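Every number in this text was worked out from the coordinates using simple rules, so none of it is lab data. As the structure is a prediction and not an experimental result, all values here were calculated from the model. Counting neighbours? That spans all protein chains shown, and the Cβs are built from the backbone with ideal geometry, glycine included.
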Amino acid sequence: MSRLAASDVAVGTELPERVFPVTRADLVRYAGASGDFNPIHWNERVALEVGLPGVIAHGMFTMALAGRVVTEWAGDPGALVEYHVRFGRPVLVPDDHAGGELTVRGRVAALLEDNRARVDLTVTSQGDKVLSLARAVVALA
Amino acid sequence: MALDRDLVGRSYPPSAVYEVGRGKIAEFATAIGADDPVHRDPDAARAAGYPDVIAPPTFAIALTLEAANVVLGDPDVSLDYSRVVHGEQRFTHHRPMCAGDRLVATTTIEAVRSIGGNDLLTTRVDVATEDGEPVCAATSMLVARGGA
């Protein structure tokens, strides 16, 4: 892939919406790859004990999936220069074949200097917003 | 228990060198479903202008979370970790992390606040090569929920 040109982007440009299924297996794989083995991300008993409604996705896994929507649109994972999220609600991941889901929408909110663009993300699960102030700055060609 | 505001600005000694491996990058990319060949194929990465395969942007957490643990081990930081949740996360990338990078992480306490009975602790981890070239900064805000 090659990097998207800043001249092809305007304020208001919408990124393609993506829906990601999230299963327990995804969380176990992410735990191993990231080194975050907090049991609330794979153990129902522990999740319930600490007052959660069930096993939830790692916030950083949610952030990674939402980040892919930006980098795959920009055409280069190295294009992301700034990325911020606030974790609002957890993403519940039931222990069944369907699991949970994450819907990610993005929109160019500002054009910055040096061919950079700010993308504001809307990230929901089962209709609830799970991230707030989710913003990425990409360096375009 | 409220955190001492004098902690703000406290910096910890740099981490041991972390060498970024191609295998670890590929494993992380697979875990987040990132199938861009620049994460796995050195030729594709070079064609895109990088010296070797590059890590996905949030890969930095694998390194910075570990580095920030130094704060959790500080006896002056009284935080009930069983009640800690991740509140916010920011990455500033000077360039992508690349296989072969030898990185050092330095952790600083950036902010301490109490809001509505919750303790908020913000740490910043600056990641640079062992030669001092800045690579990224990761800022994490942790929330210790106040007891019921």
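Computed values, structure above
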item: For the protein assembly as shown, size of Cβ-based charge dipole, Lys and Arg +1, Asp and Glu -1, in debye; result: 520
item: Between region A:1-44 and region B:107-130, the alpha-carbon center distance in angstrom; result: 24
item: Counted charge near A:VAL55, where neighbours are those whose Cβ lies closer than 15 Å (Asp, Glu -1; Lys, Arg +1); result: -3
item: Residue among B:TYR81, B:PRO42, B:LEU120 farthest towards the positive dipole end of region B:5-144, charges placed on Cβ; result: B:LEU120
item: Shielding of B:21-31 by partner chains, average beta-carbon count, 10 Å; result: 3
item: Whole-number percent relative contact order across region B:5-144, with pairs defined as alpha carbons under 8 Å at least 6 apart; result: 30
item: Pair B:LEU7, B:ARG95: separation of 7 Å Cα→Cβ label points (nm); result: 3.5
